[in-house]
Each structure stands twice: as C-alpha cells, then as structure tokens.
Amino acid sequence: MRCELRSKAQADLSGLKARAAAAAAIAAKYHDDAKRLRFLNEIRESARTVFLFDIDADCEPREFVGYILRDIGIAPAQSSSERHEQLTEALVKENRAGRKFVVVIDEAQNLSDAVLERVRLLTNFETSTGKLMQIVLSGQPQLSDKLMQASLVQLRQRISTICRIAPLSPEETFAYIDYRLNLAGMTVSR
C-alpha cells in the first residue's frame, strides 16, 4: 500500500492498525517532523512505543536489540540469545496487556544492510493471533532507494505500507508554529 500523509485520519499508517509487520514513512529532511510527531503521539496511547532516533551509523546487528531494550528500561544482557529472550519477555508482556509494540526507527536510510536484516528478523516475533512487534522505518528519500536494493528484498516484502510524507503547506506551517508557541505559553493572534 502506498499513501501520502495529508490528514490525521491517514496519519495512523494504516498497516499498523492491521498489525502488519512493518511500514515505512519517507520524507524530505525536516519536512516530516510535525506530522511524524503527531503520528507518534497518536500511537503512544494504544501501544508501547520505542523511538530510536540516535542509532550509531556503525551499529552492529547484534547491538540493535540493545537499543530497543534500553529504550524500554531494560539493561541488555551480554549475549545475543539473552537479549533475544529479554525482548521476547517484554513483547509477550505487552501483548498480554492488549498493547501493540511499535518500534520507530528514524534515519533508517543510514542503517547498514546487516542491521536492516536484523530488523527484518525482528518481524518474526508473532503468536497465532498476529505480530508481536511492528516496525516503522522513518527516513529521507534515500530510504526508498535503499529498500529497492536486491539484498533487502525480504525486508521490502514485509513492509505493508510505504508513506511519502508531503511537506507542510504554508497554512499547516503557520498552524504548527502557532500550536508550538501556545504550548510554550505564548498567545498568537493573526
């Protein structure tokens, strides 16, 4: 499925509502921040969310699960198998509580193919009723190019929704600035 985010109704990345394994949100640098923040705030209410905004570009695949565990307050174990077990326990706990577990990976175009393969493997966490983890790859237009590489065909097959986030219109930009200023305690009159 392909979409262009224009409204709150579309901002749910419809694949996530259906508990799909993965989705991608692609936007030009700086253009998606307001819409992405809106989306993240919306899913935060119904899901355990992990936001990975600062992954080291040199991150090794075995380190990737540690980023997720640290974000949810768990000190990663030493071995990959122990980290895998820690993540499994966290996913099962959230599933029993009736919550989705959503991992949003920002600047995903900077990840190595090996780390993206680990991301694909994480989409294998599931029960008979559905996926235990949903992943949103967020990035700049280079993410589209990266996902088209032959080496990432299996990951691409797991992505149910690719959204290209359009830049804010001038009206949306003014409304967003007004909203942020109001949050800061400033009254804006136009």
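No value in this document is a laboratory result; all are computed from the given coordinates. From a predicted model like this one, the values you see are computed outputs, not experimental measurements. Methodologically, a virtual Cβ is constructed for each residue, glycine included, from the backbone with ideal geometry; neighbour enumeration extends over all protein chains shown.
Order of 160, 128, 169 from fewest to most other C-beta atoms within 10 Å?
On the way: 160 18, 128 4, 169 10.
Ranked by crowding around the Cβ, least crowded first: 128, 169, 160.
Taking just the alpha carbons, could you work out the radius of gyration and Dmax for the stretch 136-190, both in angstroms?
In Å, with Rg to one decimal and Dmax whole: 18.0, 53.
Rounded to two decimals, what is the ratio between the C-alpha radius of gyration of the stretch 127-168 and 2.2 N^0.38 Å?
Values: Rg = 12.6 Å, N = 42, 2.2 N^0.38 = 9.1 Å.
Taking the Cα Rg and dividing by 2.2 N^0.38 Å, one obtains 1.39.
Grab every C-alpha pair in the stretch 61-190, bin the distances at 10 angstrom width from 0 up to the longest one, and report whole percents.
Each 10 Å bin holds this share of Cα pairs: 10, 33, 27, 19, 9, 1.
Between residue 81 and residue 126, what is 0.36 nm times their sequence separation minus the Cα-Cα distance? Round to one decimal in nm. Don't jump to the answer; show the numbers that get you there.
Details: separation 45, 0.36 × 45 = 16.20 nm, distance 1.73 nm.
My answer for the length gained is 14.5 nm.
Give the order of 53, 64 when sorted by the count of other beta carbons within 10 angstrom, beginning with the fewest.
Fewest-to-most ranking of 53, 64: 53, 64.
Taking H as built 1.01 Å from N, whose amide H comes closer than 5 Å to the amide H of residue 24, not counting residues under 5 places away?
Answer set, sorted by chain and number: 137, 161, 162, 163.
Using θ = phi - 60° and the Karplus form 6.51 cos²θ - 1.76 cosθ + 1.60, what ³J(HN,Hα) does each residue of the stretch 86-92 get, whole Hz, x for Gly and Pro?
4, 5, 4, 4, 5, 5, 5
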